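Chemist: Let me begin by handing over the structure; questions about it come next.
Just so you know, all these numbers are worked out from the coordinates, no wet-lab data involved. Not measured: the values here are computed from a predicted model. Using ideal geometry, Cβ is built from the backbone for each residue, glycine included, and neighbour counts are taken over all protein chains shown.
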Amino acid sequence: MSLAGVEKALYDLNTDRRARETFTEDPDRFARRYRLTGGELRLLTDRDVRALAGLGANPMLVWGFWLMLPAAGERGDKAYLARMRGDVPASGGPRGE
Amino acid sequence: MGTVVGGFLLPHDPMMLTHPDAPPAPVRDRVHHAYAEISRRLAALDPTTVLIIGADHYILFGPGCLPQMLIATGDLDGPVERLPGLTRGPLPDNAPLARHIAAHGHRNGVDWAVAPTFTADHSVVIPYHLVAEPLGVPVIPVYLACGVEPLIPLPRAVRVGEAIRAAVQDADEDERVVVIGSGGISHWVGTERMGELNTDFDRMVLDRVTAGDTAGLAGLDDGRIQAEAGNGALEIRTFVAAMAAVGPCRGEVIGYEAVPEWITGLGFAELLPLETADAL
C-alpha cells in the first residue's frame, strides 16, 4: 500500500473534474495512473472511507472525496459518519458523480 | 514605517454557508452579530490593509507541494470552492506590502513560499467577505500548514507572526495593518468524531487569548490538541501567529458559540495591543 499514492488520487478526485471522469468511466485506467494496487482501488470504488482513514489518509481528503463522489443513495454527512463509524458496511461497485 | 494596529480572531466555518439554517436562530444571530461587531471594530481601526492568516484544507496545496507558510504577493481571487453566497472573483491586493513582507522574511530567516498569483480558499475569503469587504480594504492572504502533515510547529507559527510584525514596521509606506487569525477551535474534520465539540478546551484557548498568553498557546502539545479538540483545532496556529504579529497584547472575547450543527467551536476575539489596551 502506498499512502502517498492514495492521497494523490484522493486530492485529484477532490479537485480535478477530469480525474473524477476517468475514475468513474475507467477505474482501472485511473488506478494505473496513480499506481494504485487492486486493494487501494477497491477502497475508492467501494467508498470505504473508514478503511481509507485507517490507512492513514488525511480525513479532510477522505471527507472531500465523499462529498464529491458519494456512494449511491448515501449522500450527506450523516451517511458519511455512518460509514466512518462502521455502522454501514462499504459496498462494491464504482458510482458516478 | 508601518504599524500593526490591531488584530482579530474568528472562524471561517463553511457550513455557515452550506447549512445556514441548521443551528437554532438565536445561535445563528449571535454568530452573525459577532462578525458584524468585528467588522465595526475593524472599521474603527481605519486599516490600510488586512492580513488574514488562514489554514489550507488539502484543497489549495496537494501532495505535490505542501508549504509550511505561504504569502500571496500578487493578483488575488477566490474562493476556490463553490460555496453558496460567495462568487469567485478578484480580491483587492496590496502586492507591494506583501512582497515586502516576503522579502523581509527571506532576508531574516523566514522561508516564505510565495504565490505571485493566488486563489484563496474559504479560510481567507469567508472572513474577508464578512468583516473586511464592506470597507473595500486590500487583503494579504497568509497560509500556515495547520491540517496537513508536516504541520508547522506552533512555536514556528509564533515566529511567522513576529516576522510579519517586523516586516510591517520596516515598511516604507505608512501602513496601518490589521492581522486576522482565521480558524475554528474544537472541531473534528472528516473523522468519525465529526460533530463533537469540547467547550472546556475552547474556553481554555479563549482564556489564554484574553490573557495575551501567546507562549502558553504555542506551548500546547499537538497530540493533546488532536485528542481533546480534534484535528481542526490545530488551526489555533493562526491564532498564535496573529497574536505574535500584534505583539504584546490582551484579548477581548467578542463571542463564543459551540455549534454542533456546524461541527465547530466558534470563537471571536479582538487582540488589543497593550499600549492601546492600557489606554482604554
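Chemist: For a test of the definition: using alpha carbon positions, the gyration tensor, and the 1.5 limit on a/c, classify chain B as rounded, prolate or oblate.
Modeler: Working: a/c = 1.28, a/b = 1.24, b/c = 1.04.
Rounded shape, in that the Cα axes give a/c under 1.5.
Chemist: Percent relative contact order of chain A, based on C-alpha pairs within less than 8 angstrom and at least six residues apart?
Modeler: Details: 108 pairs, mean separation 31.1, N = 97.
Contact order relative to length: 32 percent.
Chemist: Something else about it: By how many nm would the segment from B:Asp170 to B:Asp200 grow when fully extended, if each residue of separation counts as 0.36 nm and the alpha-carbon distance is taken off? Kindly include the intermediate steps, with their values, before the conclusion.
Modeler: Working: separation 30, 0.36 × 30 = 10.80 nm, distance 3.96 nm.
Additional length available on full extension: 6.8 nm.
Chemist: Taking chain B as a Gaussian network, where each spring joins two C-alpha atoms under 10 Å apart, which residue of B:Pro26, B:Pro47, B:Pro155 fluctuates the most?
Modeler: Residue with maximal mean-square fluctuation among B:Pro26, B:Pro47, B:Pro155: B:Pro26.
Chemist: Now for a different question. Can you check what the net charge comes to around B:Ser123, using other residues whose Cβ is under 13 Å from the Cβ of B:Ser123 (Lys, Arg +1; Asp, Glu -1)?
Modeler: With Lys, Arg at +1 and Asp, Glu at -1, the net is -4.
Chemist: Same structure again: To the nearest 10 degrees, how steeply does helix A:59-68 sit against the main Cα axis of chain A, on a 0 to 90 scale?
Modeler: So the inclination is approximately 90 degrees.
Chemist: Quick one: Cα centre-to-centre distance for region B:146-179 and region A:25-97, in angstrom?
Modeler: Cα centres, region B:146-179 to region A:25-97: 38 Å.
Chemist: Considering the Cα positions of region B:134-248, please state its Rg to one decimal place and its Dmax as a whole number of Å.
Modeler: Values for region B:134-248 (Cα only, Rg and Dmax): 15.0, 50 Å.
Chemist: Turning to a different aspect of this structure: Any idea what the relative contact order of chain B is, in percent, if you count C-alpha pairs under 8 Å spaced at least 6 apart?
Modeler: 31
Chemist: Please give the net charge around B:His19, taking every other residue with its beta carbon less than 10 angstrom from that of B:His19, where Lys and Arg add +1 and Asp and Glu add -1.
Modeler: That sum, taken over residues with Cβ under 10 Å, equals -4.
Chemist: Using the Cα atoms of the protein assembly as shown to build a convex hull, what is its mean projected area in square nanometres? Walk me through the numbers on the way to the answer.
Modeler: Details: hull surface 71.3 nm².
Mean shadow area of the hull around the Cα atoms is 17.8 nm².
Chemist: Of B:Arg237, B:Arg88, A:Arg32, how do they rank once you tally other Cβ atoms within 10 Å and put the fewest first? Numbers along the way, then the final one.
Modeler: Numbers: B:Arg237 31, B:Arg88 15, A:Arg32 11.
If I rank by nearby Cβ atoms, fewest first, I get A:Arg32, B:Arg88, B:Arg237.
Chemist: Right, another one. Subtract the Cα-Cα distance of B:His32 and B:Asp111 from 0.36 nm times their separation in residues, and report this length gain in nm to one decimal. Before the final figure, lay out each step's value.
Modeler: Numbers: separation 79, 0.36 × 79 = 28.44 nm, distance 3.65 nm.
This chain segment gains 24.8 nm when fully extended.
Chemist: Can you give me the Kirkwood hydrodynamic radius for chain A, using every pair of distinct Cα atoms, in Å to one decimal? Walk me through the numbers on the way to the answer.
Modeler: On the way: mean 1/r = 0.0773 Å⁻¹.
One over the average 1/r among Cα pairs gives 12.9 Å for chain A.
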